[in-house]
Amino acid sequence: MHGDRVLVVGCGGIGGALTAHLAEAGVPVVAVSRNPAVVAAAGEGLRLAGAFAPRTVPATVVAVAPAQPVDWLLLATQ
């Protein structure tokens, strides 16, 4: 899956965690969020916390889905 391009629609708790873990694993991933505050905050990276070491992962979060085709589309919306 490392060569596959992934688009995550929704960057809340689930979408953000999916995006961060995929990005951390080296998978080319972009997340889309309609919330401008989420897009702006993600410029500093996505923060992961929990049972493992808390960390910030650089990731791409945009307001509009890129026009390029993707191999995987993950929906993480309400």
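Could you tell me which of Gln68, Gly43, Val6 has its Cα farthest along the dipole of the chain towards the positive end, charges placed at Cβ (Lys, Arg +1; Asp, Glu -1), taken about the Cα centre? Final value for the positive-end residue is Gly43.
Net charge dipole, the chain: roughly 160 debye, given to the nearest 20, about the Cα centre with Cβ charges of +1 for Lys and Arg and -1 for Asp and Glu.
Here the Debye sum runs over all C-alpha atoms of region 1-71 as equal scatterers in vacuum, and log10 of I(q)/I(0) at q = 0.18 Å⁻¹ comes out as -0.62.
For the chain, what does -39500 (n - 2.57) per DSSP helix run (n ≥ 4), summed and divided by total residues, give at 222 nm, in deg cm²/dmol to the nearest 500? Numbers along the way, then the final one.
Numbers: 2 runs with 18 residues, N = 78.
It lands at -6500 deg cm²/dmol.
Under a 5 Å amide H cut-off, with hydrogens placed 1.01 Å from N, Val8 pairs with Val30, Ala31, Val32, Leu74 among residues at least 5 apart or on other chains. Of the beta bridges in the chain, as assigned by DSSP with both residues counted there, near 20 percent are antiparallel.
None of the figures in this text is laboratory data; all of them are computed from the coordinates on show. Nothing here was measured: the structure is a model prediction, and the numbers come from that model. Every residue, glycine as well, gets a Cβ built from its backbone with ideal geometry; the counts of neighbours run over all protein chains shown.
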